[in-house]
1. Which residue pairs have Cβ atoms under 9 Å apart, sit 6 or more places apart or on different chains, and have a first residue in segment 8-19 that is in the same structural domain as Ala69 (by TED's automatic domain parsing) and modelled with pLDDT under 95 and a second that is of a type outside the set (Gly, Ala, Ser) and not in a helix (DSSP H, G or I)?
2. Quick one: count up the residues across segment 69-102 that are modelled with pLDDT of 70 or more, under 23 Å from Gly158 (Cβ atoms) and surrounded by 14 or more Cβ atoms within 10 Å (Cβ to Cβ).
3. Taking segment 115-161 on its own, how many of its residues are polar (S, T, N, Q), in a helix (DSSP H, G or I) and in contact (Cβ under 8 Å) with a residue 12 or more places away in the chain?
4. Could you tell me how many of the residues in segment 139-162 are of a type outside the set (Phe, Trp, Tyr) and over 17 Å from the mean Cα position of the chain (by Cα)?
Amino acid sequence: MTFDTTTILIIVAVLAVLILGFLTMRSRPAKRVERREGEPYVASRDRPYVKPRKDGPEGNGVADEVAAATTDVAGEVFSVDAHRELGGATGPGDDLSRLKGVGPKFAARLNELGVISYAQLAGFNETELAHLDERLGPFSGRLARDRVAEQADYLARGDVDGFEDRFGKLGEA
């Protein structure tokens, strides 16, 4: 039985992926996030689009473990910060319920997911907004329908007049 160069490369690649998968599936110690007294719990400041941990290691199942491992490996391979914090996630948050279409429950859900300011919403790209939308549960689809990021952009810049020209009277502070 003879192997040509292409066959050998395919076999080596498959073996490398299997080994990499095995190594990344092993449990890693949990990274502790320090919070100040009275600070609200945020699902995960390091991984804003990964479900918060309940019990045990990183995920609640194989799919969660694979997703977390893939993010870790991709970050290392491409030398990028795969777990960047949401921009502006420190300090006091903005009243997101002032945005049109965002009520108190929707604003609370955004806060749970780590979104606390207009600047964060305004700074998200299309992919980040799509990932956030997937996590909104009953509010899924509202970000695009109510143009929440566009509204937040006006308020992040302090352009209340521009906001009111485009979207109507600003909600109560």
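The values are calculated or read from the model by the stated rules, or taken from the named source; none is laboratory data. From a predicted model like this one, the values you see are computed outputs, not experimental measurements. No Cβ is skipped: glycine too gets one built from the backbone with ideal geometry, and neighbour counts run over all protein chains shown.
1. Sorted first by the residue in segment 8-19, then by its partner, the pairs are Ile11/Phe3.
2. 10
3. Going through segment 115-161 one residue at a time, the tally reaches 2.
4. 15
Residues checked against (1) out of contact with any Ser or Thr (no Cβ under 7 Å at 6 or more places or on another chain); (2) within 22 Å of Gly171 (Cα to Cα); (3) modelled with pLDDT under 90; (4) buried (at least 20 other Cβ atoms within 10 Å of the Cβ):
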site: Arg109; (1), (2), (3), (4): yes, yes, no, no
site: Tyr118; (1), (2), (3), (4): yes, yes, no, yes
site: Glu128; (1), (2), (3), (4): yes, no, yes, no
site: Gly141; (1), (2), (3), (4): yes, yes, no, no
site: Ala144; (1), (2), (3), (4): yes, yes, no, no
site: Arg147; (1), (2), (3), (4): yes, yes, no, no
